[in-house]
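Have a look at the structure below before the remarks.
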Amino acid sequence: MKRYYQPEIETMPVEQIQALQSERLVKQVKFVYDNVEFYRNRMDEAGVKPEDIHGIEDLHKLPFITKDDLRDQYPYGLLGVPLKDCVRIQSTSGTTGRRVVAFYTQEDIDIWDECCARAIVAAGGTNEDVCHVCYGYGLFTGGPGLNGGSHKVGCLTLPMSSGNTERQLQFMTDLGSTIICCTPSYAANLAEAINERGLRDKIKLKAGIFGAEPWTEEMRHNIEDMLGIKAYDIYGLTEISGPGVSFECEEQAGMHIQEDHFIPEIINPETGEVLPEGEIGELVFTCITKKAFPLIRYRTRDLCYLTRKPCSCGRTHIRMHKPMGRSDDMMVIKGVNVWPSQIESVLLNQGYQANYQIVVDRIGNNDTCEVQVELTPEMAADNTVSIEDREKKVVKGLKSMLGIKVDVKVVEPKSITRSEGKAVRVIDKRDLYK
């Protein structure tokens, strides 16, 4: 059975999608030029006027914007409507500098809720489900986004937020949660707790909608096996709207981008050149319906590729591959490009859980990298394999994956601090600007 929230949009012929995008892009470019001084100045500097944009074929003429631009314009510099027309803000964590504050009109929120509703229905959600939302609420977009989508679908919504695992498990069992929404690392922690307490037979979960941090296919299969569910990926950014920019269907073969609201591009991160379908590069988004905080050609720094290969689910919107890393948080260690997802893949393939940390430092002129990973309880109880042998095996696997040797420290179960939100995977102690 096909699962759509808005079938007339989700299965719209590609030609109609592109015609709709062109119509909305032309209106949006004129809107930002007339209402946002920042865009007007940028377009003038680039020698582009609204009348030069006739459709999506002209998108490449417009200048890019970056997260630095958003920080520089904090708080009101990108506001597209009078402040009295805004009903909410959401914000990034601000861990690398000034916060990014995104504004929303009521129409913006309604669209966002619809996007999340499409994702929930694609995961099998109906008005008979109990949707357990343990993304963070407040300024973080995860909780509010899935909460709104769940309401649209008509699910019984449990606005749990993150943390307090005992309470999560109590409500999950007592109220019969069937869909869980959280970060994949927290899903793994909950799965661990459920199995430790012998609650597997008491939970009714059938699906999980996980996002907000990178996770591998190996981690997906691990969570699915531990919870007996199907795990779906969801993608979004606070700057764009939040979760629901794209989502997986039952095929789990890439995330359908909501093309009636967002135009994606893949560019060469070094040159800005637009790359053809199927090539890996940096993902760029243009919002064509958002009014309070409209973004044109926003560079996400996420690395992936796009495909229009037909999907058996019947959706026609283009799919993005799960981000393979980021052009700005990629680590360069001993001259080699390293992404945490590569390390995670090796660890999970060798039977470890997703409880690890990567500690990078520089001693003298030499980079050091230590991967700390926990034993599973089964490994800890197995006296036939020494810690030293386990470490050697992981070192060998990482050398094969990365092309460089890194140190490995296998530690006792539960000795690495658990995450209740986004997991802190990398601790980089280097001062790279000395």
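Can you report the number of residues in region 27-50 which are in contact with a helix residue (DSSP H, G or I) (Cβ under 7 Å, 6 or more places away or on another chain) and assigned to a helix (DSSP H, G or I)?
8
Going by the structure shown, is I65 closer than 23 Å to R315 by Cβ, out of contact with any Cys (no Cβ under 6 Å at 6 or more places or on another chain) and either surrounded by 15 or more Cβ atoms within 10 Å (Cβ to Cβ) or not assigned by TED's automatic domain parsing to the domain that holds P264 (or both)?
No; evaluated as a whole, the condition is false for this residue.
Give, as residue ranges, the strands (runs of 3 or more DSSP E) completely inside region 186-269 that count at least 3 residues that are over 23 Å from Y137 (Cα atoms) and at pLDDT 95 or above.
Result: 255-257, 262-267.
In the set L59, L20, L70, which member is assigned to a helix (DSSP H, G or I) and within 30 Å of N127 (Cβ to Cβ)?
On the way: L59 fails: within 30 Å of N127 (Cβ to Cβ); L70 fails: within 30 Å of N127 (Cβ to Cβ).
The match here is L20.
Using the structure shown, decide if R315 is buried (at least 16 other Cβ atoms within 10 Å of the Cβ), in a loop (DSSP other than H, G, I, E, B) and among the charged types (D, E, K, R).
Answer is yes for this residue.
Within region 37-57, can one find any residue that is touching a strand residue (DSSP E or B) at 6+ places or on another chain (Cβ under 9 Å), surrounded by 14 or more Cβ atoms within 10 Å (Cβ to Cβ) and under 23 Å from D113 (Cβ atoms)?
No; the residues of region 37-57 include none that is touching a strand residue (DSSP E or B) at 6+ places or on another chain (Cβ under 9 Å), surrounded by 14 or more Cβ atoms within 10 Å (Cβ to Cβ) and under 23 Å from D113 (Cβ atoms).
Would region 384-391 turn up any residue that is within 29 Å of the chain's Cα centre (by Cα) and not assigned by TED's automatic domain parsing to the domain that holds G211?
no
If I filter region 71-120 down to residues being within 22 Å of I257 (Cβ to Cβ) and modelled with pLDDT under 95, which single residue comes out as nearest to the chain's Cα centre (by Cα)?
Applying the filter and picking the extreme gives T92.
Can you tell which of S415, S419 is surrounded by 14 or more Cβ atoms within 10 Å (Cβ to Cβ) and of a type in the set (G, A, S)?
Residue meeting the stated conditions: S419.
Out of all the residues in region 74-85, which are free of Cβ contacts under 8 Å to residues at least 60 places away in the same chain and outside any helix (DSSP H, G or I)?
Y74, P75, Y76, G77, P82, listed by residue number.
Would you call I296 at pLDDT 95 or above, closer than 25 Å to V121 by Cβ and crowded, with 19+ Cβ neighbours inside 10 Å?
The answer is no for I296.
Against the condition crowded, with 22+ Cβ neighbours inside 10 Å, basic (K, R) and at pLDDT 95 or above, how does R308 come out, does it pass?
no
Would you call R71 more than 25 Å from K152 (Cβ to Cβ), in contact with a strand residue (DSSP E or B) (Cβ under 9 Å, 6 or more places away or on another chain) and without any contact (Cβ under 8 Å) to a residue 40 or more places away in the chain? Show your work before the answer.
Numbers: more than 25 Å from K152 (Cβ to Cβ): yes; in contact with a strand residue (DSSP E or B) (Cβ under 9 Å, 6 or more places away or on another chain): no; without any contact (Cβ under 8 Å) to a residue 40 or more places away in the chain: yes.
For R71, the condition - more than 25 Å from K152 (Cβ to Cβ), in contact with a strand residue (DSSP E or B) (Cβ under 9 Å, 6 or more places away or on another chain) and without any contact (Cβ under 8 Å) to a residue 40 or more places away in the chain - is not met.
Which residue out of I89, I109, I120 is touching a Gly at 6+ places or on another chain (Cβ under 6 Å) and either in contact (Cβ under 8 Å) with a residue 40 or more places away in the chain or not in a loop (DSSP other than H, G, I, E, B) (or both)? First the steps, then the outcome.
Working: I89 fails: touching a Gly at 6+ places or on another chain (Cβ under 6 Å); I109 fails: touching a Gly at 6+ places or on another chain (Cβ under 6 Å).
From the options I89, I109, I120, the qualifying one is I120.
Restricting attention to region 399-417, which residues are touching a residue at least 60 places away in the same chain (Cβ under 8 Å), out of contact with any helix residue (DSSP H, G or I) (no Cβ under 6 Å at 6 or more places or on another chain) and closer than 16 Å to Q357 by Cα?
Within region 399-417, I416 is the sole residue that qualifies.
The values are calculated or read from the model by the stated rules, or taken from the named source; none is laboratory data. Please read all numbers here as calculations on a predicted model, not as lab measurements. Ideal geometry is used to build each Cβ from the backbone, glycine not excepted, and the neighbour counts take in all protein chains shown.
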